[in-house]
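Q: Supplied in structure tokens, the structure appears directly below.
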Amino acid sequence: MASETDTSRSRAHTLREKLDTARWTLVERIREVFKEDVERVLLIQPPQFPEELLNLKIAKNKRYYNYPPYGLGLLCTNLKARGYATQILDLNFDLLDFISSQAGEVSHEQVTVLWQERIRQSIAEFGPDVVGISCMFTMSHEITKKVVRLIKGLAPALPVVAGGVHITNAPEIVLEECPEIDFVSLFESDQSFCDLLDFVNDEIQADGLSQIGTLVADRYEALAERRSPAPAELDVIPDYLDLEVSRYSALGEIGSYRYWLPEDSRNSSVLTNRGCRAHCSFCSVRNFNGDGVRSRSIASVVEEIEQLVTRHRITHISWLDDDIFFDPDRTLRLFDAIIERDLGITWDAMNGIIASAAVVRPQILEKAVASGMIGANFGIESGSPEILRKIHKPSGISHYRKLGPLLRQYPQVFARAFVIIGFPNETFGQILQTVNVCQEMGLDWNTIQKLTPLPSTEIYEQMVDEGLIEDKSLNMSSGFTLFSVRESEKQRLKEKDKQEDAREFIDYFQRDLDAVPTREELDDLWLLVDYKVNYEKILTEQEPLRLEKMRRFLRDVSNRMSIDNPLSTLFVAIVENKLGNRKEAQRYLTLSKRFLEESRYWQRRFDVLEVNHLYHLT
Ligand code: B12
Ligand code: SF4
């Protein structure tokens, strides 16, 4: 009679023969890491700002992002359906809650102690069999590593799985830099993560494993074939367990239109489509979600909104979609369904609507507004046809020319453009074309960003080939914008750190337009573009609703986002003056003068922008 060991050896042998090498390697590694069955799953959302860059004043102003962890909520629903007990630890929420609850100053040390303590507490009290950690942004890379190391320090044998967009985009870098992570979960993991745990518990066979990677003897091994959730599997509503969904927007931003919403607005987010029809070369969405767009049923979307309204008293939704206007007929049906339910919500689309999608069927915008749209970003990126072609933007200048007048029919909507400068080999002249197109479109605001080459994107490869960035690196120290600090704020901080950096500022558009700006020049160019597309137009604006929009937006910039900024405060004064609020105008004018006197950086820029005379206009 064969012994038990013989039987299991022969079973292993048969399995080994049936599986390809990669799958077998993963199976062995899973058996090595998971010593016990899994019942309890702890899911962690790390802080969404690099700890060392945390600006406590901005946190107190509730200006950091604070979204309920949608992806983890979906995982919870699916895990619970398969019988697992789950807990979500949202460290981002906990930290912002802590900071805002303290009357006085909070130190960075206190913040660190707090998140570490929360993890300790959860592990001790909940007793997880596995920890799942989410990492969406490249700028959360370092803090994610710290969180994982703490967990492994506390419980070395506790398996740790990391998932999310950044993990998927750079799995090898993540594992190399943080080998304490046992497995990376790739792509949309709605089912694949549950499958992994089911496999550990012998509920499914090895061929059910997918989208998972690990390090074996320092080598990256993965089952990297994508198994995106099927359409029916998208009709899932996130289970936020006991998270205080109704308090999230009171502690930070959800969407970016707080200034355009009632003060007591309670915001949350909803996802209706996965993926995007386009393939812009700088964007990592296609790598993560795969080709094309998959839509959820409208009934499921509306049910989710209804639950948010009734359970959490949510009044405003920020769509998480990358391509919210995909499939015009479905989009119209969705907006009609929202109108029919009469839920009294407003909504925003802050991820960059495809401009061509908005102009080819103007009825979509009409229904969007009727169903509650109060704010939207449009992905414009550049005003140079050549750059738009190179980056495969799905819209062109002709669409942008139509978009401006179309949006002016809905003055109640705060419309913004996303603009990028610093594409590889982009000249000053091409950036000037962007300035001209933005001025012509005349949207309420233009959000300008310097290009960030994200791992796994076409532009990243291109820049590696051209020797502009380092391969297999996050290029974090190369001066790219990995974090949503306003560019002028970054420059100001640099100046503060290093007095001699208050270098000359010049109007680059008066120089050789065929030249390509250096990275340093791009920092200054950012301010110049910002001034030309956002501030200049205010000087001639007379329309009261547009001025009101500027008033609210600039007050938000001056009081909550940027610190001691004489430009935004000067323009608040100008707008207040135009609206007849003389006292407020005076107050902001005095503030602006004081900030200007204190900063050599700004004095140089004011000279070149020729704005000093504006102090006499109000
Ligand atoms: C909504 C959104 C935002 C929102 C809110 C994000 C949030 N906290 O929920 C806000 C406005 C804050 C935002 C801001 C930014 N964003 Co954004 N954003 C998105 C967007 C459009 C959708 C994200 C989302 O909620 N998806 C829906 C949920 C269901 O998916 P998910 O969370 O990824 O979860 C799934 C999987 O990832 C996985 N998973 C997730 N966690 C875990 C954990 C475990 C254990 C496992 C197993 C699996 C798993 O399973 C889930 C179910 O499938 C994505 C694009 C995209 N399609 O991902 C860009 C995206 C994430 N953003 C991006 C960028 C660049 C930014 C900004 C830097 C923009 C800027 N320059 O200012 C800022 C940075 C914010 C900051 N912290 O400073 C890039 C990120 C690239 C990168 N590597 O960093 C993306 C990919 C878009 C792009 N153009 O490439 N963003
Ligand atoms: S349209 Fe937006 S989401 Fe789609 S690929 Fe381009 S940048 Fe990414």
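Q: What are the residue pairs meeting all of these: first residue in segment 537-548, first residue exposed (fewer than 14 other Cβ atoms within 10 Å of the Cβ), second residue not basic (Lys, Arg), Cβ atoms under 6 Å, and 6 or more apart or on different chains?
A: Leu545/Pro411
Q: Looking at Arg149, Arg118, which is the one that is basic (Lys, Arg), crowded, with 17+ Cβ neighbours inside 10 Å and either within 18 Å of Tyr240 (Cα to Cα) or free of Cβ contacts under 8 Å to residues at least 40 places away in the same chain (or both)?
A: After ruling out the rest, the residue left standing is Arg118.
Q: Answer yes if at least one residue in segment 261-276 is within 16 Å of ligand 2 (Cβ to nearest atom), without any contact (Cβ under 8 Å) to a residue 24 or more places away in the chain and not in a helix (DSSP H, G or I), and no otherwise.
A: no
Q: Also: Within segment 241-250, track down each residue that is within 26 Å of Phe187 (Cα to Cα), in a loop (DSSP other than H, G, I, E, B) and either under 22 Å from the mean Cα position of the chain (by Cα) or not aliphatic (A, V, I, L, M) (or both).
A: Leu243
Q: Look through segment 349-392, keep the residues that are more than 16 Å from ligand 2 (Cβ to nearest atom) and under 15 Å from Ile317 (Cα atoms), and return whichever of them is surrounded by the fewest Cβ atoms within 10 Å (Cβ to Cβ).
A: The qualifying residue surrounded by the fewest Cβ atoms within 10 Å (Cβ to Cβ) is Ala370.
Q: Hey, another quick one. Hey, does segment 501-512 have a residue that's of a type in the set (A, V, I, L, M) and either in contact with a Gly (Cβ under 7 Å, 6 or more places away or on another chain) or at pLDDT 90 or above (or both)?
A: Of the residues in segment 501-512, the ones of a type in the set (A, V, I, L, M) are 502, 506.
Retained after the next criterion (residues that are either in contact with a Gly (Cβ under 7 Å, 6 or more places away or on another chain) or at pLDDT 90 or above (or both)): none.
Scanning segment 501-512, I find no residue that is of a type in the set (A, V, I, L, M) and either in contact with a Gly (Cβ under 7 Å, 6 or more places away or on another chain) or at pLDDT 90 or above (or both), so the answer is no.
Q: Continuing with the same structure: With Phe418, Phe423, Phe378 as the choices, which residue is touching an Asp or Glu at 6+ places or on another chain (Cβ under 7 Å), within 16 Å of ligand 1 (Cβ to nearest atom) and modelled with pLDDT of 95 or more?
A: On the way: Phe423 fails: touching an Asp or Glu at 6+ places or on another chain (Cβ under 7 Å); Phe378 fails: touching an Asp or Glu at 6+ places or on another chain (Cβ under 7 Å).
Selected residue: Phe418, the only one of Phe418, Phe423, Phe378 that is touching an Asp or Glu at 6+ places or on another chain (Cβ under 7 Å), within 16 Å of ligand 1 (Cβ to nearest atom) and modelled with pLDDT of 95 or more.
Q: Could I ask something else about it? When you scan segment 411-424, do you find a residue that is over 18 Å from Ser384 (Cβ atoms) and within 16 Å of ligand 2 (Cβ to nearest atom), even just one?
A: So far as segment 411-424 goes, yes, one or more of its residues are over 18 Å from Ser384 (Cβ atoms) and within 16 Å of ligand 2 (Cβ to nearest atom).
Q: Here is a follow-up. Step by step: first the residues of segment 562-594, then only those that are crowded, with 19+ Cβ neighbours inside 10 Å and at pLDDT below 95, then the one that is farthest from Tyr65 (Cα to Cα). Which residue is that?
A: Asn565
Q: If we keep just the residues of segment 343-402 that are among the β-branched types (Val, Ile, Thr) and assigned to a helix (DSSP H, G or I), which is nearest to Arg286 (Cα to Cα)?
A: Ile387
Q: Kindly state which helices (runs of 4 or more DSSP H) lie completely within segment 501-618 and contain at least 1 residues that are within 30 Å of Pro424 (Cβ to Cβ) and under 32 Å from the mean Cα position of the chain (by Cα).
A: The qualifying helices (runs of 4 or more DSSP H) are 519-530, 566-578, 600-609.
Q: Follow-up. Tally the residues that are within 12 Å of ligand 1 (Cβ to nearest atom) and either more than 22 Å from Leu43 (Cα to Cα) or surrounded by fewer than 19 Cβ atoms within 10 Å (Cβ to Cβ) (or both), restricting the search to segment 254-270. Reasoning before the result, please.
A: Step one: of segment 254-270, the residues within 12 Å of ligand 1 (Cβ to nearest atom) are 254-257, 267-270.
So of that shortlist, the ones also either more than 22 Å from Leu43 (Cα to Cα) or surrounded by fewer than 19 Cβ atoms within 10 Å (Cβ to Cβ) (or both) come out as 255-257, 267.
Counting residues in segment 254-270 that are within 12 Å of ligand 1 (Cβ to nearest atom) and either more than 22 Å from Leu43 (Cα to Cα) or surrounded by fewer than 19 Cβ atoms within 10 Å (Cβ to Cβ) (or both) gives 4.
Q: Separate question: Answer yes or no: is there a residue in segment 212-226 that is within 14 Å of Tyr84 (Cβ to Cβ) and loosely packed, with under 15 Cβ neighbours inside 10 Å.
A: So far as segment 212-226 goes, no, none of its residues is within 14 Å of Tyr84 (Cβ to Cβ) and loosely packed, with under 15 Cβ neighbours inside 10 Å.
Q: Something else about it: Consider only pairs whose beta carbons are under 7 Å apart and that are at least six residues apart or on different chains; among these, list those whose first residue lies in segment 599-618 and is of a type in the set (Val, Ile, Thr) and whose second residue is at pLDDT 90 or above.
A: Between residues of segment 599-618 that are of a type in the set (Val, Ile, Thr) and residues that are at pLDDT 90 or above, the close pairs are Val611/Leu570; Thr618/Ala573; Thr618/Ile574; Thr618/Asn577; Thr618/Ala585; Thr618/Leu589.
Q: Within segment 437-477, which residues are away from ligand 1 (no atom under 11 Å from the Cβ), part of a loop (DSSP other than H, G, I, E, B) and within 30 Å of Lys537 (Cβ to Cβ)?
A: Gly442, Leu443, Asp444
Q: Scan Ile314, Ile324 and give me the residue that is closer than 30 Å to Gly422 by Cα, in contact with a strand residue (DSSP E or B) (Cβ under 6 Å, 6 or more places away or on another chain) and either not assigned by TED's automatic domain parsing to the domain that holds Val359 or not in a helix (DSSP H, G or I) (or both).
A: The conditions single out Ile324.
Q: Taking only segment 393-415 into account, find how many residues are surrounded by 20 or more Cβ atoms within 10 Å (Cβ to Cβ) and within 16 Å of ligand 1 (Cβ to nearest atom).
A: Summing the residues that are surrounded by 20 or more Cβ atoms within 10 Å (Cβ to Cβ) and within 16 Å of ligand 1 (Cβ to nearest atom) in segment 393-415 gives 3.
Q: For segment 286-305, check the following and say yes or no: at least one residue is within 30 Å of Leu432 (Cα to Cα), surrounded by 21 or more Cβ atoms within 10 Å (Cβ to Cβ), within 16 Å of ligand 2 (Cβ to nearest atom) and in contact (Cβ under 8 Å) with a residue 12 or more places away in the chain.
A: Checked against the condition, which is being within 30 Å of Leu432 (Cα to Cα), surrounded by 21 or more Cβ atoms within 10 Å (Cβ to Cβ), within 16 Å of ligand 2 (Cβ to nearest atom) and in contact (Cβ under 8 Å) with a residue 12 or more places away in the chain, segment 286-305 yields no hits at all.
Q: Scan segment 57-73 residue by residue and report those that are within 7 Å of ligand 1 (Cβ to nearest atom) and small (Gly, Ala, Ser).
A: Gly71
Q: Further question: What is the one condition in (1) over 22 Å from Lys152 (Cβ atoms); (2) of a type in the set (Ser, Thr, Tyr); (3) more than 17 Å from the chain's Cα centre (by Cα); (4) outside any helix (DSSP H, G or I) that Tyr67 does not satisfy?
A: (3)
Q: If you take just the strands (runs of 3 or more DSSP E) that sit entirely in segment 130-240, which of them hold at least 3 residues that are of a type outside the set (Gly, Ala, Ser) and either away from ligand 1 (no atom under 12 Å from the Cβ) or assigned by TED's automatic domain parsing to the domain that holds Glu306 (or both)?
A: Output list reads 212-216, 219-223.
The values are calculated or read from the model by the stated rules, or taken from the named source; none is laboratory data. Remember, it's a predicted structure, so these values are computed and weren't measured experimentally. Methodologically, a virtual Cβ is constructed for each residue, glycine included, from the backbone with ideal geometry; neighbour enumeration extends over all protein chains shown.
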